[in-house]
Amino acid sequence: MNLTFLYNTKAELLKTRRTSIAWLTVLAAAFMPAINCVILLNRPDIFGSKLTVVPWTVFLHMCWKNTAAILLPLYVILLNNAIAQIEFRNHGWKQVYALPRRYADIFFSKFLVVVVFLFLFMILSNVFVLASGYIAGWLNPVYLFSTHAVPVGNILWLSGRIGLGVLGVLAIQYWLSIRFSNYIIPLATGIGLLVAGLVLMDWDKIIYFPYVYSIFLFFSDAPDRAGTLMPLVTYAVIAFMIFLAIGFAEVYHRREKG
Amino acid sequence: MYAPIVSIQQLSHHFGAQTVLDNISLTVPAGCIYGLLGPNGAGKTTTLRLLLGLIRRQSGHVHLFGQDISHNRLPLLRQTGSLIEHPSLYLHLTARENLEIYRLAYQCEKKRIGEVLDTVQLVDAGKKKVKRFSLGMRQRLAIAIALLPDPPLLILDEPSNGLDPIGMLEMRNLLLKLHAHHAKTVIVSSHLLPEVEKIATRLAIIHQGKVLFEGSLPELHELNQGHADLESLFMDIIVKHI
């Protein structure tokens with residue numbers, strides 16, 4: 001990684017200033033923990049007993065289950081769209097390609113910005129899970145979050161493998177978002193493929209479908225899913241590399257740039 | 001005699017079955033303001049995009065500073081500032097933030113931001129969001145961006161497009177200042193003959209992908225005998241071709 005690439009990544013990051021991307025990241029990360037906090041406060045009769053022994057682990061799974069299934073892939077679809085549209089809306093691509101920048105630099109510096117926001121989303125999601133747990137325990141003493149240690153290892157392991165699971169979607173959506181100026185195309189394709197994955201979860205070939213890897217990796221430590229972790233991580237990484245390579249090759253060989 | 005800074009030889013380009021450029025050759029000497037004149041759809045923007053390597057060349061030769069753009073893209077783009085069609089500005093950012101983005105890409109000194117804002121007379125508007133700029137201010141900011149690396153060559157596609165008479169006058173004065181005081185070679189495309197006539201030291205008339213005239217303004221004036229003004233000559237050249 002050379003200095004030029006870092007300068008250009010800084011420039012790409014600067015382009016996101018005062019856009020809705022930061023708000024999208026914060027709100028998407030806060031969404032499930034906030035809903036689950038409200039659920040806990042409304043139904044202490046049900047959740048009080050469930051969250052007695054290992055409250056943090058149960059609450060962590062409550063929050064990350066829906067995030068892994070829907071919210072995270074949806075966030076990745078919207079994030080890629082928002083970042084690519086900064087260039088399309090401002091007629092920016094042609095000027096970007098008229099700069100003394102290598103095509104790889106242009107492609108990967110913008111992609112790195114997407115990865116930075118994804119990383120921020122993962123961190124914020126966990127921060128909001130903890131905040132929601134403490135708020136629920138503070139407002140209703142039946143929840144014993146403050147008397148139990150935060151399972152840092154569990155948090156990192158769970159969010160880490162879910163993050164790996166979404167990498168394929170990240171690469172596909174990045175490619176589609178910078179490929180089509182009409183934002184409806186990557187948005188509709190992404191949402192369509194996500195819904196198709198959720199509908200077809202029982203299909204025997206679903207293992208080849210990147211849009212479900214994050215939810216499958218969420219469940220990968222369940223007793224009935226033993227042995228699925230490594231194949232899923234492998235397929236997720238392969239999907240990521242293949243679609244990132246396709247995206248870059250398509251940009252590199254495009255006859256008309258910008 | 002100045003050496004050519006841009007040389008285009010036998011350049012042709014097609015979009016599908018449509019011929020956009022038909023075997024054109026142009027030579028831009030260093031130190032001139034070169035007007036690329038033609039009606040809408042004549043092939044001006046395609047020519048400039050080919051010059052900047054934004055479109056892959058199909059046939060012919062394109063040389064900037066004596067080198068082929070397709071083989072020396074990065075060093076040649078470091079010496080070339082450009083404005084192609086609409087200004088590429090991030091409207092949600094301020095003028096200074098826009099310049100900072102391009103400064104990082106060109107890796108030039110921070111003081112250049114103040115200098116180029118001064119050159120295009122936008123110092124007071126540096127902290128204003130670009131979405132609040134008038135079209136004339138946006139065009140001037142786009143030229144400030146092109147000036148950031150202090151390039152010897154500027155390629156400007158229709159910089160006066162959409163401007164009101166005052167904006168056009170400001171743009172004309174800015175281009176003349178860049179040529180006279182900053183020693184820039186400027187290639188400026190336009191469909192407005194009066195605009196090009198007032199600033200260009202050399203010009204080409206392009207129509208339907210063919211170069212119908214290339215030469216200095218005095219050479220064009222020589223052809224002008226029998227015409228009321230340059231505009232009627234321009235129309236005559238175009239109509240004869242049709």
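Bear in mind that the values in this text are calculations on the coordinates, not laboratory data. What you see is a predicted model; the values in this text were computed from it and never measured. Cβ atoms come from the backbone with ideal geometry, glycine included; neighbour counts cover every protein chain shown.
Structural remarks
- Coil-residue chymotrypsin sites (Phe, Trp or Tyr not before Pro) of segment A:1-82, DSSP, other Cβ within 10 Å capped at 16: none
- Phi to ³J(HN,Hα) by Karplus 6.51 cos²θ - 1.76 cosθ + 1.60 over segment A:143-151, Hz, x for Gly, Pro: 8, 9, 4, 6, 9, 10, 5, 6, x
- Across the alpha-carbon set of segment A:173-258, the Rg to Rh ratio works out to 1.06, Rh being the Kirkwood radius.
- Column: log10 I(q)/I(0), Debye, Cα scatterers of segment A:1-136, q = 0.13, 0.15, 0.17, 0.21 Å⁻¹: -0.64, -0.76, -0.89, -1.16
- Relative compactness, chain B, computed as alpha-carbon Rg over 2.2 N^0.38 Å: 1.01
- Here residue A:156 and residue B:210 are evaluated by their C-beta separation; at R0 = 60 Å the FRET efficiency comes out at 0.35.
- Using θ = phi - 60° and Karplus 6.51 cos²θ - 1.76 cosθ + 1.60, couplings along segment B:73-84 (whole Hz; Gly, Pro as x): 4, 5, x, 6, 6, 5, 9, 10, x, 9, 9, 10
- Considering only alpha-carbon pairs that sit under 8 angstrom and 6 or more positions apart, the relative contact order computed for segment A:3-253 is 28 percent.
- Relative to the longest principal axis of the Cα atoms of chain B, helix B:230-241 runs at roughly 60 degrees.
- Considering only A:208, A:153, A:14, the residue lying farthest towards the positive end of the dipole of segment A:3-253 is A:14, judged by Cα position with unit charges set on Cβ.
- Along its first, second and third principal axes, ordered by size, segment B:118-189 spans 31, 24, 17 Å in Cα coordinates.
- Using alpha-carbon coordinates, inclination of helix A:152-165 to the longest axis of chain A, degrees: 40
- Extension gain, residue B:91 to residue B:176, is 27.9 nm, computed as 0.36 nm per intervening residue step minus the present C-alpha separation.
- Semi-axis lengths, Å, segment A:30-107, gyration tensor of Cα atoms, sqrt of 5 times eigenvalues: 45, 13, 8
- Largest mean-square fluctuation among B:188, B:62, B:123, in a Gaussian network model of chain B whose springs join Cα atoms under 10 Å apart, belongs to B:123.
- Measuring how big segment B:115-242 is from its alpha-carbon positions, Rg and Dmax come out at 16.5, 53 Å.
- Mean projected area of the Cα convex hull of segment A:3-253, taken over all directions, amounts to 15.1 nm².
- The angle separating the long axis of helix B:95-106 from the principal Cα axis of greatest extent in chain B is about 70 degrees.
- Length gained when the stretch residue A:241-residue A:228 is fully extended (0.36 nm per residue, less Cα-Cα span): 2.7 nm
- FRET efficiency for the residue A:27 to residue B:129 pair, using the beta carbon distance and R₀ = 22 Å, is estimated at 0.40.
- Using the Karplus relation 6.51 cos²θ - 1.76 cosθ + 1.60 with θ = phi - 60°, the per-residue 3J(HN,Hα) values for segment B:117-126 come to 4, 5, 4, 9, 6, 10, 4, 5, 9, x Hz, with x marking Gly and Pro.
- Restricting the calculation to Cα atoms, the protein assembly as shown yields a radius of gyration followed by a Dmax of 28.6, 100 Å.
- Charging the Cβ of each Asp and Glu at -1 and of each Lys and Arg at +1, and nothing else, the dipole of chain B about its Cα centre rounds to 1020 debye.
- Chain A: most fluctuating residue of A:153, A:247, A:48 per GNM, C-alpha cutoff 10 Å: A:153
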